């Protein structure tokens, strides 16, 4: 299991070059899709990411 905060940091890093779905984040980072999805949902609740047309993106 990844150290606390590492998955979150990797998800945010993956979104720096544009919107991505949980599946795409999983492919680019190696994080299991379920973990990426859970992390995205948590980040959306705190406002660290926002829903895009497809997937999630960093707020502008």
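Values computed for the structure shown
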{"item": "Count - residues of segment 1-52 that are at pLDDT 95 or above, surrounded by fewer than 17 Cβ atoms within 10 Å (Cβ to Cβ), assigned to a loop (DSSP other than H, G, I, E, B) and on the phi < 0 side of the Ramachandran plot", "result": "4"}
{"item": "Cβ pairs under 8 Å, 6+ apart, first in segment 45-60 and touching a residue at least 24 places away in the same chain (Cβ under 8 Å), second assigned to a strand (DSSP E or B) and surrounded by 15 or more Cβ atoms within 10 Å (Cβ to Cβ)", "result": "49/56; 49/57; 55/20; 56/20; 57/20"}
{"item": "Matching residues, segment 2-22, being touching a residue at least 12 places away in the same chain (Cβ under 8 Å) and within 15 Å of residue 54 (Cβ to Cβ)", "result": "14, 15, 18, 19, 20, 21, 22"}
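The values are calculated or read from the model by the stated rules, or taken from the named source; none is laboratory data. Predicted model, so just to flag it, every value in this text is computed and none were measured. With ideal geometry, Cβ positions are generated from the backbone for all residues, glycine too; neighbour counts draw on all protein chains shown.
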